[in-house]
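Notes follow once the structure below has been shown.
Bear in mind that the values in this text are calculations on the coordinates, not laboratory data. From a predicted model like this one, the values you see are computed outputs, not experimental measurements. Because the Cβ atoms are built from the backbone with ideal geometry, glycine has one as well, and the counts that use them run over all protein chains shown.
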Amino acid sequence: MTAGSWKARNKQDLIIEVWEYLDCESVGASELEQIQQTLLVRFGAGALTSPASIARTVADEGAVLRHPEVFEFDLKWREERLKKLAFRDRLDFADLSSAFDSVVKLEERRLQVQAAGEQEGLKDLREIVMTTRKDLLLRARSKLTDSKVRVQLKEVAEWLTVWLHSPELFSDWLDLRRSSPEFRQKFSEAGD
């Protein structure tokens, strides 16, 4: 069954629909992962649901759980989430200097993940960058934000846009951007 053919209109109904489609006697890690992936495809990252929560939903409908697998899968899932949050918390885009330091960390992480062939890690980085870019643009539009800060926020949002479109070229582009006369004139008083 494809993502477009699911009839459910909410997460709980989709969890049950996918479980029924899988037609399995018991539910463990592989089934929970399939349900998570279907939720992600159908509803996006906002539908992120823990394996334990999914297991509880299908158990309420009569599924037999392979408890050791469920616990282990949920534990690994939560540990991965904590790692992602820890990396995100090390990034700071409050001003140009800290934003530059953060994009360096981001680029170092991208290269590590890419070298390890971790496609899921690359997706996670893209998600972090997209969310951060969106937040920066929202703050830049706020009338409560100082005009100089708004200009810096827009600049950093542009950096992240370039990173999203061409991560392989980003470092060279950023070096050129920061050494450009326009950038130097625009941000000379910021010390960057």
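Is the shape of segment 71-181 best called rounded, prolate or oblate, per the rule: a/c under 1.5 gives rounded, else a/b larger than b/c gives prolate, else oblate, with a ≥ b ≥ c the square roots of the Cα gyration tensor eigenvalues?
On the way: a/c = 2.64, a/b = 1.51, b/c = 1.74.
Note, shape of segment 71-181 comes out oblate.
Can you pull the one-decimal nm distance between simple spin-label points at LYS105 and ALA45, each 7 Å off the Cα toward Cβ?
About 1.7 nm, to one decimal.
Charges on Cβ only, +1 for Lys and Arg, -1 for Asp and Glu, centred on the Cα centroid of segment 3-81; of LEU32, ALA59, ALA45, which one is farthest towards the dipole's positive end?
ALA45
Compute the signed sum of charges (Lys and Arg +1, Asp and Glu -1) over the other residues within less than 12 Å, Cβ to Cβ, of VAL64. Write out the running numbers ahead of the final one.
Details: positive: ARG66; negative: GLU25, GLU31, GLU61, GLU69.
Within the 12 Å Cβ shell, the charges total -3.
Rounded, prolate or oblate, given the Cα gyration tensor of segment 72-111, with a/c below 1.5 counting as rounded?
It is oblate, given that a/c is not under 1.5 and a/b is not larger than b/c.
Between the DSSP loop rule and a limit of at most 13 other Cβ atoms within 10 Å, which GluC sites (Glu not before Pro) in segment 121-192 are left?
Counting only loop positions with at most 13 other Cβ atoms within 10 Å, the GluC sites (Glu not before Pro) in segment 121-192 are GLU168.
Springs between alpha-carbon atoms under 10 Å, Gaussian network over the chain: tell me which of LEU174, LEU137, LEU48 tops the mean-square fluctuations.
In this elastic network of the chain, the residue with the biggest mean-square fluctuation among LEU174, LEU137, LEU48 is LEU48.
If you find the alpha carbon centre of segment 105-124 and of segment 11-32, how far apart are they in angstrom?
Result: 31 Å between the Cα centres.
Normalised by the residues of the chain, what does the relative contact order come to in percent, with Cα pairs under 8 Å and at least six apart?
Numbers: 141 pairs, mean separation 26.4, N = 192.
Worked out over the chain, it gives 14 percent.
Which semi-axes, in whole Å and largest first, does the equivalent ellipsoid of the chain have when worked out from the alpha carbon gyration tensor as the square roots of 5 times its eigenvalues?
Ellipsoid semi-axes (Å, largest first): 42, 17, 14.
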